[in-house]
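S.K.: After the structure tokens below, expect a handful of questions from me.
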Amino acid sequence: MVLNKQRSLPSPLAVSIPATNLWTFDVFLSCDHENIFSSHLYHKLQSRRIFTFFGRNTTSPLELFGAIEESRFAIVVLSQNYASSPQRLNELTKILECMKDRNRILPIFHDVNLSHVQKQKDSFGKAFDEHLKRFHDDLSKVEAWRDALTKVCNFAGWTSNDRNEVEVIEEITEALWNKLHFRQSPKEKLHPTYTFLESTHLATPVEWIFLLTNLGLEILSAAFDQASSPSKPHYALFGTLFAIAAMFICIWELIHKGIKGKVVLKKFGKLWWYYYPHPHESTPFGTLPDIYGLIGGISQCICSITQYVYFSWHADSPIKLSLLPAIFLLCLAGSRLKKSKPLSDSWT
């Protein structure tokens, strides 16, 4: 969407009273000052009485670094022109140096691709080409900037791509205000950029329904398979039908997980596959725990269909036992009793 034109910004000192005496500023805002999104974010923070340092291009490095050291949190708005400024890159390096705790740093990816920031491609690549020419006698500084950009991409944050920017600004402001005032709103219980991968709770009721339904169908399928014989091929037919139903339930569960995890179809190299969104957009959907049930369902289908084909021909089946898929599901149930480890630290 298009935001209103940028208004003139008041001095960083003409702002609200800080929430705590331990810090001079509530938040340090590192951004391209010509970026309209950043301007509106700054004004929104001001309206919520969040004491914000919004430096300018003319601000001295000493003042900037002092403000970073005296700020409780840092918001880094990574936009198209962010990396073109050595000052902003120095700010980011200082932020990472001072704020060891990831919970104090909040990156916002505005109109940029995470991988372009992380690997310095597109506008970030062009900016670093210029930096390499300008600072050819101090390449260690350029490498430090690269390292800082790579590190900040591993932090949980927001992305404004394909989202209503006003809503994004509202979410950021509300989250920061609640953090400053030691409160957690319902919206903050799950960070806006969290994905299914970051879940640290036990399996949800819906997941248990899928699991128990799969388990029941596959046990019934295996039981009918064992009761079937060349003289009772109809039992094998029932086993096959239960196995097919279990397989479709497994597929339905994967679809549910994909929707919950907001996976998207992407091309990595020469292969197309589904991947999780930011901040885990390089993580493919369909790890072994994800497809455990489907593997069991397909295995049971193969067993049941084989049984039915042989018994319908009044011949002995080469398969004598088909409980392995049910064992797979029991193992999966056990694995869900444990909490999964989050892939990254949360900001909230």
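The values are calculated or read from the model by the stated rules, or taken from the named source; none is laboratory data. Please read all numbers here as calculations on a predicted model, not as lab measurements. Positions of Cβ are generated from backbone atoms using ideal geometry, with glycine treated the same way; all protein chains shown enter the neighbour counts. Side chains included, ligands, DNA and RNA excluded: accessible areas come from the protein's heavy atoms. Shrake-Rupley method; radii C 1.70, N 1.55, O 1.52, S 1.80 Å.
S.K.: Need pairs with beta-carbon distance below 7 Å; first residue under 14 Å from Val166 (Cβ atoms) and within segment 33-47, second of a type in the set (Val, Ile, Thr) and modelled with pLDDT under 90; sequence gap 6+ or separate chains.
M.R.: Close Cβ pairs satisfying both conditions: none exist.
S.K.: Is it the case that segment 160-168 has a residue that's touching a helix residue (DSSP H, G or I) at 6+ places or on another chain (Cβ under 7 Å), under 21 Å from Ile295 (Cα atoms) and modelled with pLDDT of 80 or more? Steps first, answer last, please.
M.R.: Narrowing segment 160-168 to residues touching a helix residue (DSSP H, G or I) at 6+ places or on another chain (Cβ under 7 Å): 160, 165.
Narrowing the set further to residues that are under 21 Å from Ile295 (Cα atoms) leaves none.
No, that holds for no residue.
S.K.: Can you run down the residue pairs with Cβ atoms below 7 Å, 6 or more apart or on separate chains, where the first is in segment 203-217 and polar (S, T, N, Q) and the partner is open to solvent by less than 70 Å² (accessible area, probe 1.4 Å) and at pLDDT 80 or above?
M.R.: Thr213/Ile249; Asn214/Ala246; Asn214/Ile249; Asn214/Cys250
S.K.: Sticking with this structure for a sec: Just checking, does segment 304-324 include any residue being at pLDDT below 70, basic (Lys, Arg) and surrounded by 13 or more Cβ atoms within 10 Å (Cβ to Cβ)?
M.R.: Checking segment 304-324: not a single residue is at pLDDT below 70, basic (Lys, Arg) and surrounded by 13 or more Cβ atoms within 10 Å (Cβ to Cβ).
S.K.: Suppose we keep only residues that are more than 13 Å from Asn90 (Cβ to Cβ) and modelled with pLDDT of 90 or more within segment 127-138. Which one would you say is surrounded by the fewest Cβ atoms within 10 Å (Cβ to Cβ)?
M.R.: Pass one, segment 127-138, residues more than 13 Å from Asn90 (Cβ to Cβ): 127-130, 132-134, 136-137.
The next check asks that each one be modelled with pLDDT of 90 or more; those that pass are 127-130, 132-134.
Numbers: Ala127: 20, Phe128: 19, Asp129: 11, Glu130: 12, Leu132: 11, Lys133: 8, Arg134: 11.
Here the residue is Lys133.
S.K.: Still on this structure, please answer the following. Mind checking which residues of segment 148-167 are in contact (Cβ under 8 Å) with a residue 40 or more places away in the chain and outside any loop (DSSP other than H, G, I, E, B)? Step through it out loud before you land on a result.
M.R.: Step one: of segment 148-167, the residues in contact (Cβ under 8 Å) with a residue 40 or more places away in the chain are 148-149, 151-161, 164-166.
Result: Ala148, Leu149, Lys151, Val152, Trp158, Thr159, Glu165, Val166.
S.K.: What single numbered condition from (1) open to solvent by 80 Å² or more (accessible area, probe 1.4 Å); (2) closer than 22 Å to Tyr42 by Cα fails to hold for Glu171?
M.R.: Glu171 satisfies every listed condition except (1).
S.K.: Only one residue in Thr193, Thr200, Thr240 is modelled with pLDDT under 80 and surrounded by 20 or more Cβ atoms within 10 Å (Cβ to Cβ), so which one is that?
M.R.: Details: Thr200 fails: surrounded by 20 or more Cβ atoms within 10 Å (Cβ to Cβ); Thr240 fails: modelled with pLDDT under 80.
Result: Thr193 is the single residue among Thr193, Thr200, Thr240 that is modelled with pLDDT under 80 and surrounded by 20 or more Cβ atoms within 10 Å (Cβ to Cβ).
S.K.: Could you run through segment 45-65 and say how many residues are closer than 17 Å to Pro86 by Cα and either at pLDDT 90 or above or open to solvent by 10 Å² or more (accessible area, probe 1.4 Å) (or both)?
M.R.: Qualifying residue count for the region: 9.
S.K.: When segment 91-112 is examined, which residues are found to be in contact (Cβ under 8 Å) with a residue 40 or more places away in the chain and open to solvent by 40 Å² or more (accessible area, probe 1.4 Å)?
M.R.: Thr93, Arg102, Asn103, Asp111
S.K.: For segment 226-274, how many residues meet the condition of being over 28 Å from Pro205 (Cα atoms) and assigned to a helix (DSSP H, G or I)?
M.R.: 8
S.K.: Additional query: Within segment 256-274, can one find any residue that is of a type outside the set (Phe, Trp, Tyr), at pLDDT below 75 and over 30 Å from Leu149 (Cα atoms)?
M.R.: Checking segment 256-274: not a single residue is of a type outside the set (Phe, Trp, Tyr), at pLDDT below 75 and over 30 Å from Leu149 (Cα atoms).
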